[in-house]
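> Below you'll find the structure I mean.
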Amino acid sequence: MNKAKKSPILTLTPEQEREAVAHIKRLLQDRFDLDLGSFEALEVLELFTREIAPHYYNRAIFDAQAHLKERFESIESDLWALEKH
């Protein structure tokens, strides 16, 4: 079965990717006594980037929209208060 890969929602710099791979390797070794190579850890990182990160990204967008909506409503209220009658 030929499954098309989703494009990642974000990309990391090479340095960020190396650090993330190192963190994954360390976590899996410390917590689960799994000794992954860099290739396997990169696969885990890519899985999270494709499948998990979009949920966090979308939540961040939702939260930013809610914050901006509140802020714009406050600004609108301030402007109405300045209106001369």
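> Restricting the search to the stretch 27-85, which residues are of a type in the set (Asp, Glu), at pLDDT 95 or above and not in a helix (DSSP H, G or I)?
Asp33, Asp35
> What are the pairs, 6+ residues apart or on separate chains, where a residue within the stretch 19-39 that is of a type in the set (A, V, I, L, M) has its Cβ under 6 Å from a residue that is at pLDDT 95 or above and in a loop (DSSP other than H, G, I, E, B)?
These pairs meet every condition: Leu28/Leu34; Leu28/Leu36.
> If I ask for residues that are in contact (Cβ under 8 Å) with a residue 40 or more places away in the chain and of a type outside the set (Ser, Thr, Tyr), which ones from the stretch 52-85 would you list?
Correct list: Ala53, Pro54.
The values are calculated or read from the model by the stated rules, or taken from the named source; none is laboratory data. Every value quoted in this text rests on a predicted model; they were computed, and no experiment measured them. Neighbour counts are summed over all protein chains in view; Cβ atoms, including those assigned to glycine, are modelled from backbone coordinates with ideal geometry.
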